[in-house]
Structure formats: C-alpha cells, structure tokens
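The values are calculated or read from the model by the stated rules, or taken from the named source; none is laboratory data. Treat the numbers as computed from the prediction; the structure is a model and nothing was measured. Virtual Cβ from ideal backbone geometry, glycine too; neighbours counted across all protein chains shown.
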C-alpha cells in the first residue's frame, strides 16, 4: 500500500470512529429520554392529585433535620433562614452551620432570631473542624432553629457538623440560598412513608434556575425565563439533565448523584458510610456512590428515589468566569469520585452501577470532552495539510447540530407537558431561540471548562473557587 493509501485509510478510520462515538452518544441520550417519558407519565398518574397537606396530620411523618451550610452569606442569610423555617411541615428542625464566615453572618442571625448560646452537647460521630458555639432562639417562634458556629472546613465538613448535631432519623442537605417549594419536605418524605421491603436511603429532586424569577418572602412568586443568555442556556441544560437524564437513571436504579443543593438522606446510612468526604469537591456525588456501595457490599436491600417535581430553585452563574469555575470544579469532583470508586468499573457485584452507570459516567461525562477536543485537534491538523474531507465534516456538523436542537426541543416539550413552569409565549420563544445558539456559544465553553478542570486536578487544585452571586429579583 502506498504512503497516500495509508493516509487515506487512517483518515477514513478517524472519520468512522468520530461518527460512531457521536452516534453512540446521541443514541444513549434518546434511550434515556424514552425511559424518562414513561417514568414521568407513571409518576404524574400516581402523584398529580395528591393532597400533600393531608400528610401533615399523619402521626408517622418522618422527623427531618434541614442542614444548611453557610459561608459569608450575611447579605441574604436572614431571609433565607426565614424561608427555611416557613416550610410546610411539622416534624423538622433547621440547622444552619456557619462555616467560619468572615462577614457578619453570626451577628445578623443572633439579632434576627434572638439567639442565645446553648448547652446542647456536641458529640461528633464524624470528625469535623472544631465547633465554636451552638445557639438556640429565646423566642418560641424560632424553636426549630439551631445555629452552629464552627471553624472553616468547607461545605462537606459543615454538612458533617450538621449531621452530628441532628437527632432526627432523616436529614435534608441544602444550600442556604436555595428557594424551596412550600411542600418540599412533604414530597421528599412521602417515599420514605411509603417504604415497603426495600429501605430508601436517599431521595433527590429537580433543581431549577431562579434567575429573573420573582421571589417574595423566600417564596417563588413568578417563574420567568432568565434575561441573561448564559443563565437561559443553563435552564435548557438543567431540563435535559434533570428531566431527561436523572429520571431515567433512577428508573433503572442506576442514579449516581443527588444534587448537593437539594437531597434527603437516611442519617443512619450516611453515618455508617462515613459521612461526607471532605477531600473531594464532588462530595454530593461521592456520598451517594459510597452509600450505594455500602448497601450492596453488606447485602442490604435498598432504593434511591428521584422526584421530577421542581421543588428547589437556585441562582445560576451569569458570567463565564464564575461558570467556568463551577464546571471545572464539577469535572474535578467527577474525576475524584470515579477514581475513589474505580473498583466498581465493570464489576458485576455492583449490578447496574458497575456495569452501566459507572462506564456511562466515565465515557460520556468525563472522557467525552477530552475525546471531542482530540477530534477537533486532529481535524485542524487535517485542515492545515489540506486533506480534510469537507463533505464529511459539514454533514457531521449538521447531524450533531440537528440532534442538539431536537434534544433541547424534547426537553422543553417534556417540561411544558408536565409542570408548565414556563407558560408564556415570550418564555418559550426565549428558550427556543437560545437552543439555536447554544451549540455555538455554550457547548465549546463547557468543553474548555472540562479540560481546565482536568488540568487543575493534575496540578493539585482543591479549591471551590469564588461563586459570587448577583441576587434574586425580589419585589419591593
């Protein structure tokens, strides 16, 4: 075979490999979307007309502790804590863990909620940084509130502190600045109340984007598609991930992550598994995987539940700088979790987790940006030497772009046929228009952020990065 023949063969192999990988990615997304559609339908048929308020009267509603880590949240912490205290539930307390804030968070809380030092003992079952003080309110109206002031140790350490303080069998780990649905605990607790046979160890729910929405007294008053383009793109991204992705993985019993902003856990299993890992920035994913491993390795029957209801709203980054830090951190967290639990890969002992979930995350979540970047580099080299097949190149781009549009359209349709939060033509037009631009202005950036996360990990970076927020829209 001539030198040019070898070159043509190599280019042909490269083209087919890239095409095969793209088709596999698209096929996996479609399969997940189909599974999600059936799961959504079944969930809505079962739960659409439930009167969650009636659950309040039941004597066996689970006792729950809401654990909210806070670091330099002084500007909004008063309103955020009031929002948590006003959740529609009976058997719960709120544990706010001030993780060594350098601002005036503690003085604000002391004044707003009439806090006084408490003699509540602290007996850590999971090691944490030292606790400086524990506060309770002198006002009976705030009897459910516990405030812990501790030395800075990071979010995972603050969550572990809250777990140690809690005396309830279930914990809900949340971000203090999230906006919660009023029935959030009733909906999260319902699967635990329905428990029969398998022990439910965790329940997660949908996280939505609150940018440009109207918030009043800690409650969502009006849902709007974000004015900021970057935040609007993340609405589409979250719809695809939470409605068309995690719903399907939960149905297959292969869910590896419950969002760190919002999740309910069996405290006993969390403690048995060792609490949150303070040495990873992906502590939410790592804990869920470790809890599942614990149950499987001890031959205990269990389930992880997922609720598609939009119960939690959070502010998305509106600048590329902040978003890059977030996505790079997500990549580092994924790398750490996959490495810690590498024993699961293709291990039949872990069933669908080892045979499907772990390989999927490894290939499509972690390696995909690296594979894509490698393909781009090779394509550039072929262009430089004038040997790129432009026909194949443009047909491939058209196929990928068309699929991206179709998948975003499916996500929007799934939202509008179920929970209908974006119910105006203006909002739908915003989402449809940004779907046209996303593959050009957002996807390349997420590839870059993932590559940057790999670089930061290999350099030994362990920080979270500055997640400065702009604040919610609140009527005056």
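Here is how the numbers come out for the structure above:
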quantity: Close pairs from region 206-228: first at positive phi and assigned to a loop (DSSP other than H, G, I, E, B), partner buried (at least 23 other Cβ atoms within 10 Å of the Cβ) and at pLDDT below 85, Cβ under 9 Å, at least 6 apart; calculated: 218/180
quantity: Residue 388 part of a loop (DSSP other than H, G, I, E, B), surrounded by 15 or more Cβ atoms within 10 Å (Cβ to Cβ), touching a helix residue (DSSP H, G or I) at 6+ places or on another chain (Cβ under 6 Å) and modelled with pLDDT under 90; calculated: yes
quantity: Tally of residues being crowded, with 16+ Cβ neighbours inside 10 Å, out of contact with any helix residue (DSSP H, G or I) (no Cβ under 7 Å at 6 or more places or on another chain) and either modelled with pLDDT of 90 or more or part of a helix (DSSP H, G or I) (or both) across region 449-476; calculated: 0
quantity: Selection status of residue 152, farther than 28 Å from residue 272 by Cβ and not in a helix (DSSP H, G or I); calculated: no
quantity: Of the criteria (1) over 25 Å from residue 444 (Cα atoms); (2) in contact with a helix residue (DSSP H, G or I) (Cβ under 8 Å, 6 or more places away or on another chain), which one residue 288 fails; calculated: (2)
quantity: Test for residue 268: is it closer than 30 Å to residue 46 by Cβ, surrounded by fewer than 23 Cβ atoms within 10 Å (Cβ to Cβ) and at pLDDT below 95; calculated: no
quantity: Matching residues, region 225-237, being surrounded by fewer than 20 Cβ atoms within 10 Å (Cβ to Cβ) and either within 19 Å of residue 352 (Cα to Cα) or in contact with a helix residue (DSSP H, G or I) (Cβ under 7 Å, 6 or more places away or on another chain) (or both); calculated: 229, 230
quantity: Single residue of region 254-269 satisfying the filter (in contact with a helix residue (DSSP H, G or I) (Cβ under 6 Å, 6 or more places away or on another chain) and not in a helix (DSSP H, G or I)) that is farthest from residue 157 (Cα to Cα); calculated: 254
quantity: Residue match in region 115-124 (condition: within 24 Å of the chain's Cα centre (by Cα) and either at pLDDT below 95 or surrounded by 14 or more Cβ atoms within 10 Å (Cβ to Cβ) (or both)); calculated: no
quantity: Top-ranked residue of region 347-365 - restricted to ones that are in contact (Cβ under 8 Å) with a residue 60 or more places away in the chain and closer than 28 Å to residue 443 by Cα, ranked as surrounded by the most Cβ atoms within 10 Å (Cβ to Cβ); calculated: 358
quantity: Region 52-74, subset assigned to a helix (DSSP H, G or I) and touching a helix residue (DSSP H, G or I) at 6+ places or on another chain (Cβ under 6 Å), residue modelled with the highest pLDDT; calculated: 52
quantity: Restricting region 182-201 to residues that are surrounded by fewer than 19 Cβ atoms within 10 Å (Cβ to Cβ) and in contact with a helix residue (DSSP H, G or I) (Cβ under 9 Å, 6 or more places away or on another chain), the residue that is modelled with the lowest pLDDT; calculated: 193
quantity: Count of residues meeting criterion [under 19 Å from the mean Cα position of the chain (by Cα) and assigned to a helix (DSSP H, G or I)] in region 190-205; calculated: 0
quantity: Among the candidates 106, 77, 18, residue that is more than 24 Å from residue 202 (Cβ to Cβ), out of contact with any helix residue (DSSP H, G or I) (no Cβ under 9 Å at 6 or more places or on another chain), modelled with pLDDT of 85 or more and buried (at least 17 other Cβ atoms within 10 Å of the Cβ); calculated: 106
quantity: Criterion violated by residue 87 - all others in (1) at pLDDT below 85; (2) under 28 Å from residue 418 (Cα atoms) satisfied; calculated: (1)
quantity: Test: residue in region 266-276 that is closer than 27 Å to residue 161 by Cβ, without any contact (Cβ under 8 Å) to a residue 24 or more places away in the chain and more than 12 Å from the chain's Cα centre (by Cα); calculated: yes
quantity: Filter result for residue 255 (in contact with a strand residue (DSSP E or B) (Cβ under 6 Å, 6 or more places away or on another chain), surrounded by 20 or more Cβ atoms within 10 Å (Cβ to Cβ), over 22 Å from residue 178 (Cα atoms) and touching a residue at least 24 places away in the same chain (Cβ under 8 Å)); calculated: yes
quantity: Lone unmet requirement of (1) at pLDDT 95 or above; (2) over 26 Å from residue 458 (Cα atoms); (3) not in a loop (DSSP other than H, G, I, E, B) for residue 393; calculated: (1)
quantity: Residue within region 238-251 that is part of a loop (DSSP other than H, G, I, E, B), in contact with a helix residue (DSSP H, G or I) (Cβ under 6 Å, 6 or more places away or on another chain) and crowded, with 22+ Cβ neighbours inside 10 Å present; calculated: no
quantity: Residue match in region 130-139 (condition: farther than 24 Å from residue 76 by Cβ, assigned to a loop (DSSP other than H, G, I, E, B) and either in contact with a helix residue (DSSP H, G or I) (Cβ under 7 Å, 6 or more places away or on another chain) or modelled with pLDDT of 95 or more (or both)); calculated: yes
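Conditions tested, residue by residue: (1) under 26 Å from residue 310 (Cα atoms); (2) touching a strand residue (DSSP E or B) at 6+ places or on another chain (Cβ under 6 Å).
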site: 160; (1), (2): no, no
site: 164; (1), (2): no, no
site: 169; (1), (2): yes, no
site: 181; (1), (2): yes, yes
site: 186; (1), (2): yes, no
